[in-house]
Amino acid sequence: MIRTAWTDATPPQPDNISQPTYDDEGVADYFSNKPWQGQSAAQLRRLTHALTFFTDEAFVYYLPAYLIADIEEPEVSDTNAEGILSRLASSEGPTMASRLNALQRSAVRAYLSYFQERDSGPYDDKCARIHRFLDKVDEHG
């Protein structure tokens with residue numbers, strides 16, 4: 001579902017991967033001109049900090065790589081789920097939700113359901129907040 005939802009996603013320009021900062025710790029260098037497909041869970045775990053450095057455009061584009069890594073290799077992906085949920089539930093969440101198309105929003109909802117079934121408890125508030133952001137976009141187009 002995730003792969004299908006992001007099939008036609010447009011990658012960010014190399015100069016629009018990281019938010020302005022004095023040091024993005026190699027995020028822009030690594031992700032420049034790389035597709036979201038084919039990223040390993042281990043590499044994404046080493047780059048978990050990218051979830052905070054990404055521009056909105058880059059976050060939405062590379063989101064499926066992090067989601068898939070967490071589903072397929074949760075032990076290797078480790079803290080990536082927390083980073084995903086934190087960014088989506090943050091004050092930027094409504095902007096992220098509005099950048100997702102209907103298929104992508106459905107895929108994120110399915111991931112949240114999967115995640116809550118697997119790791120219920122400490123992240124329920126964040127998941128509920130993300131659902132509200134997604135629902136609001138669906139209600140208002």
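The values are calculated or read from the model by the stated rules, or taken from the named source; none is laboratory data. Keep in mind that what you see is a predicted model, and the values were worked out from it rather than measured. Glycine also receives a Cβ, built like all others from the backbone with ideal geometry; neighbour counts cover every protein chain displayed. The protein model used for the area step is the full one, side chains on, heavy atoms only, and it has no ligands, DNA or RNA in it. Shrake-Rupley method; radii C 1.70, N 1.55, O 1.52, S 1.80 Å.
Points to keep in mind about this one:
- The magnitude of the dipole of the chain, with charges of +1 and -1 set on the Cβ of Lys/Arg and Asp/Glu and taken from the Cα centre, is near 320 debye.
- For the chain, the solvent-accessible area of protein heavy atoms averages 52 Å² per residue (probe radius 1.4 Å; ligands and nucleic acids excluded).
- Positive-end residue, the chain charge dipole about Cα centroid, Cβ charges, pick of F53, S113, S77: S113
- In terms of Cα atoms, the Rg and Dmax of the chain work out to 14.0, 39 Å.
- With the alpha-carbon atoms of segment 87-141 aligned to their principal axes, the span from lowest to highest coordinate is 30, 22, 16 Å, starting with the largest.
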